[in-house]
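S.K.: Before we start, here is the structure in question, set down as structure tokens.
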Amino acid sequence: MISIFICDDDALFLAQVKSCVKTCALIENFAMSIVMATKNPDEILDFLKNNRETAGIYFLDLDLSRDDITGMQLAQKIRKYDPWGVIIFITSDAESHKLTFEYATEASDYIIKGSAEFEARIHKCLQGANAKFTAKRKTPDDKFIVNISKDLTSAVGASRLSKGSTIPIDQRKIMYLVTNPEIKNGVVMYTDTERIEFRGSLTQIEKLLNKKLFLRFQRNIIVNLQNISAVHKETLMVLFKNGLELEVNEKQAHKLSHAVRKRRG
């Protein structure tokens, strides 16, 4: 059963969202249940602290009328307890949704209060969430959790990863990981769109990765064989599907070339 949480400081709007969510779930016959609809974000966090296996959908007001926590901060806290949860922001400001791409909350969507497509948007969000959870039950988990240890800016785009954030990373989107000699226990991960730094151990990360996809071909580098488009032995460069390049030595080039050919059969 998928748990649904709603948090909005407007009691009337909270009731409206609750009613719409309940109706949509019934129409679609989704295995979903509204666990909590509240004006108090602390109630959601307290529940998650005591129910660590929760798989949830969260409708969160971006503009909570509290000085100590915003909707964005609430989402970041939720991520620490439910990293795979589906987060949907609710806002009265059509421009506010842009903020979701500046923080590591991995928000799935946003809904504008009072918009003509309000109910249709909720319906679409529930359909998407149901598809996500259904797929997750049928396939192996391809994600692992990254804890951001300092404020960082993505190398591609304007996404800002805030210190203390917890984000799920899809292994299939990783190009390669390398240790960062400038930071103690530092790791740099290159995905299809971003460069992300965090503290960790390649040895521990290697245990979490899909052994069919990843190869640790030297002590400080792990590559995703699936995302290597070419290994150039002449120039000693590895080319990844997103255009990234990695310089290697002759021995490493031969090892990687052999591993890529073997994986492709």
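S.K.: For segment 21-67, give me each residue that is in a helix (DSSP H, G or I), of a type in the set (Asp, Glu) and in contact with a helix residue (DSSP H, G or I) (Cβ under 9 Å, 6 or more places away or on another chain). Don't jump to the end; show me each part of the working.
M.R.: Initially, segment 21-67 is screened for residues in a helix (DSSP H, G or I), giving 21-28, 41-50.
Restricting the remaining residues to those that are of a type in the set (Asp, Glu) gives 28, 42-43, 46.
Matches in segment 21-67: GLU28 only.
S.K.: Just wondering, is there one or more residues in segment 242-259 that are farther than 23 Å from PRO168 by Cβ, of a type in the set (Lys, Arg) and either assigned to a helix (DSSP H, G or I) or open to solvent by less than 20 Å² (accessible area, probe 1.4 Å) (or both)? Walk me through it before giving the result.
M.R.: Quick first cut of segment 242-259, residues farther than 23 Å from PRO168 by Cβ only: 243, 245-259.
Restricting the remaining residues to those that are of a type in the set (Lys, Arg) gives 251, 255.
Add one more test, that the residue is either assigned to a helix (DSSP H, G or I) or open to solvent by less than 20 Å² (accessible area, probe 1.4 Å) (or both), and what stays is 251, 255.
Yes, segment 242-259 contains a residue that is farther than 23 Å from PRO168 by Cβ, of a type in the set (Lys, Arg) and either assigned to a helix (DSSP H, G or I) or open to solvent by less than 20 Å² (accessible area, probe 1.4 Å) (or both).
S.K.: Looking at the structure I just gave you, is ALA230 free of Cβ contacts under 8 Å to residues at least 24 places away in the same chain and either part of a strand (DSSP E or B) or touching a helix residue (DSSP H, G or I) at 6+ places or on another chain (Cβ under 6 Å) (or both)? Full working, then the answer.
M.R.: Details: free of Cβ contacts under 8 Å to residues at least 24 places away in the same chain: yes; either part of a strand (DSSP E or B) or touching a helix residue (DSSP H, G or I) at 6+ places or on another chain (Cβ under 6 Å) (or both): yes.
Yes; evaluated as a whole, the condition is true for this residue.
S.K.: Ok, one more. If SER3 meets every condition in (1) in a helix (DSSP H, G or I); (2) in contact (Cβ under 8 Å) with a residue 40 or more places away in the chain; (3) out of contact with any Leu (no Cβ under 7 Å at 6 or more places or on another chain); (4) small (Gly, Ala, Ser) apart from one, which number is that one?
M.R.: Condition not satisfied by SER3: (1).
S.K.: Within segment 197-212, does at least one residue satisfy the condition of being under 13 Å from LYS173 (Cα atoms) and free of Cβ contacts under 8 Å to residues at least 60 places away in the same chain?
M.R.: We begin by selecting, within segment 197-212, every residue under 13 Å from LYS173 (Cα atoms); these are 209-210.
Remaining after also requiring free of Cβ contacts under 8 Å to residues at least 60 places away in the same chain: none.
Scanning segment 197-212, I find no residue that is under 13 Å from LYS173 (Cα atoms) and free of Cβ contacts under 8 Å to residues at least 60 places away in the same chain, so the answer is no.
S.K.: Then there is this: May I ask you to say which residue of ILE90, ILE44 is open to solvent by less than 60 Å² (accessible area, probe 1.4 Å), among the β-branched types (Val, Ile, Thr), modelled with pLDDT of 85 or more and farther than 30 Å from GLU194 by Cα?
M.R.: From the options ILE90, ILE44, the qualifying one is ILE44.
S.K.: When you check LYS77 against the structure, is it among the charged types (D, E, K, R), touching a Pro at 6+ places or on another chain (Cβ under 9 Å), more than 19 Å from ASP93 (Cβ to Cβ) and open to solvent by 50 Å² or more (accessible area, probe 1.4 Å), yes or no?
M.R.: Details: among the charged types (D, E, K, R): yes; touching a Pro at 6+ places or on another chain (Cβ under 9 Å): yes; more than 19 Å from ASP93 (Cβ to Cβ): yes; open to solvent by 50 Å² or more (accessible area, probe 1.4 Å): yes.
So LYS77 fits the description; yes.
S.K.: Given the structure, is ASP68 of a type outside the set (Val, Ile, Thr), under 18 Å from the mean Cα position of the chain (by Cα) and either more than 18 Å from ALA120 (Cα to Cα) or open to solvent by 20 Å² or more (accessible area, probe 1.4 Å) (or both)? Write out each step before concluding.
M.R.: On the way: of a type outside the set (Val, Ile, Thr): yes; under 18 Å from the mean Cα position of the chain (by Cα): no; either more than 18 Å from ALA120 (Cα to Cα) or open to solvent by 20 Å² or more (accessible area, probe 1.4 Å) (or both): yes.
Criteria not met by ASP68.
S.K.: Still on this structure, please answer the following. For segment 176-186, how many residues meet the condition of being at pLDDT below 90 and touching a strand residue (DSSP E or B) at 6+ places or on another chain (Cβ under 6 Å)? Give the steps one after another, and end with the answer.
M.R.: Quick first cut of segment 176-186, residues at pLDDT below 90 only: 180-186.
If we keep only those that are touching a strand residue (DSSP E or B) at 6+ places or on another chain (Cβ under 6 Å) too, we end up with 180, 185-186.
Number satisfying all stated conditions: 3.
S.K.: Would you mind stating whether VAL17 is part of a helix (DSSP H, G or I) and among the β-branched types (Val, Ile, Thr)?
M.R.: Details: part of a helix (DSSP H, G or I): yes; among the β-branched types (Val, Ile, Thr): yes.
Yes, satisfied.
S.K.: Further, regarding this structure: Please name all residue pairs, on different chains or six or more residues apart, with Cβ atoms under 6 Å, provided the first residue is in segment 9-24 and is within 18 Å of GLU43 (Cα to Cα) and the second residue is open to solvent by 70 Å² or more (accessible area, probe 1.4 Å).
M.R.: ASP9/LYS39; ASP9/SER65
S.K.: Can you find, within segment 198-227, the residue that is farthest from ALA259 (Cα to Cα) among those that are open to solvent by less than 30 Å² (accessible area, probe 1.4 Å), at pLDDT 90 or above and in a strand (DSSP E or B)?
M.R.: Filtering segment 198-227 for residues that are open to solvent by less than 30 Å² (accessible area, probe 1.4 Å), at pLDDT 90 or above and in a strand (DSSP E or B), the one farthest from ALA259 (Cα to Cα) comes out as ILE221.
The values are calculated or read from the model by the stated rules, or taken from the named source; none is laboratory data. Quick caveat, the model's predicted, so the values are computed rather than measured. Quick reminder, even Gly has a Cβ in these numbers, built from the backbone with ideal geometry, and neighbours come from all protein chains shown. We work out accessible area using only protein heavy atoms, side chains counted, and drop any ligands, DNA or RNA first. Shrake-Rupley method; radii C 1.70, N 1.55, O 1.52, S 1.80 Å.
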